[in-house]
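Working notes for the structure below.
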């Protein structure tokens with residue numbers, strides 16, 4: 001079965017705190033892709049990062065960093081020194097190719113992050 | 001460059017009426033997706049197209065829903081007849097490639113069925 005679990009439904013932090021959003025995925029495929037998307041209050045989902053299953057290098061982009069660990073099937077997202085503008089719903093997603101040759105796009109249920117001033 | 005364009009942004013209709021949502025993908029993107037977002041069910045993939053051909057419509061709820069892509073720059077999602085449980089935000093997204101490609105989402109169409 002393929003699945004993405006974001007166990008944290010909602011997180012509240014005070015501005016400047018660091019926060020980690022968890023993402024655990026399930027798949028037996030060896031080739032797959034993991035994504036993070038941000039959905040701010042305006043509603044439109046925005047792509048943040050993509051990782052393929054063969055690239056376990058962590059990535060840092062400004063205050064954002066991502067930790068991909070195949071051993072624990074996790075792709076966690078950390079925001080350092082959070083800001084009010086980081087308040088949004090964050091989705092983790094998994095994509096892969098099914099046995100029929102079609103693509104599967106699986107989103108987690110999202111984590112709502114509230115950064116308080 | 002223009003992103004994915006959806007219309008209408010908001011639609012309020014009465015149960016039983018036909019609803020048509022429209023989407024213009026990013027030029028050159030070969031994949032187009034329709035998603036539905038509700039509080040209860042989160043983001044659900046309804047259907048996706050590749051080169052205007054429907055590839056996977058297993059997420060379409062029932063026969064009341066239909067989607068078409070007559071050309072590379074236009075797609076519609078139709079609900080006939082609409083029901084209150086169809087109330088949701090419907091997103092269209094496009095992508096340059098398949099599983100490896102990030103999705104570019106439109107702003108969504110918020111549908112309310114009374």
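Residues that are away from chain B (no Cβ under 14 Å) and farther than 28 Å from residue B:107 by Cβ: does the range A:92-102 have at least one?
First, the residues of the range A:92-102 that are away from chain B (no Cβ under 14 Å): none.
No, every residue in the range A:92-102 fails to be away from chain B (no Cβ under 14 Å) and farther than 28 Å from residue B:107 by Cβ.
For the criterion of being at pLDDT 95 or above, closer than 24 Å to residue B:32 by Cα and touching a strand residue (DSSP E or B) at 6+ places or on another chain (Cβ under 6 Å), residue A:23 fails. Hey, can you tell me all the residues within the range A:97-112 that are surrounded by fewer than 18 Cβ atoms within 10 Å (Cβ to Cβ) and free of Cβ contacts under 8 Å to residues at least 40 places away in the same chain? Result: A:98, A:99, A:100, A:101, A:102. Listed by position, the strands (runs of 3 or more DSSP E) contained in chain B that have at least 1 residues being within 12 Å of another protein chain (Cβ to nearest Cβ) and within 26 Å of residue A:31 (Cα to Cα) are B:31-38, B:42-50, B:53-56, B:88-95.
Within the range A:2-50, the set of residues being surrounded by 17 or more Cβ atoms within 10 Å (Cβ to Cβ), over 12 Å from the mean Cα position of the chain (by Cα), within 11 Å of chain B (Cβ to nearest Cβ) and touching a residue at least 40 places away in the same chain (Cβ under 8 Å) comprises A:32, A:45. The listed residues are B:91, B:74, and the only one of them that is in contact with a strand residue (DSSP E or B) (Cβ under 9 Å, 6 or more places away or on another chain) and surrounded by 17 or more Cβ atoms within 10 Å (Cβ to Cβ) turns out to be B:91.
The values are calculated or read from the model by the stated rules, or taken from the named source; none is laboratory data. Note that the structure is a prediction, hence the values are computed from the model and not measured. Methodologically, a virtual Cβ is constructed for each residue, glycine included, from the backbone with ideal geometry; neighbour enumeration extends over all protein chains shown.
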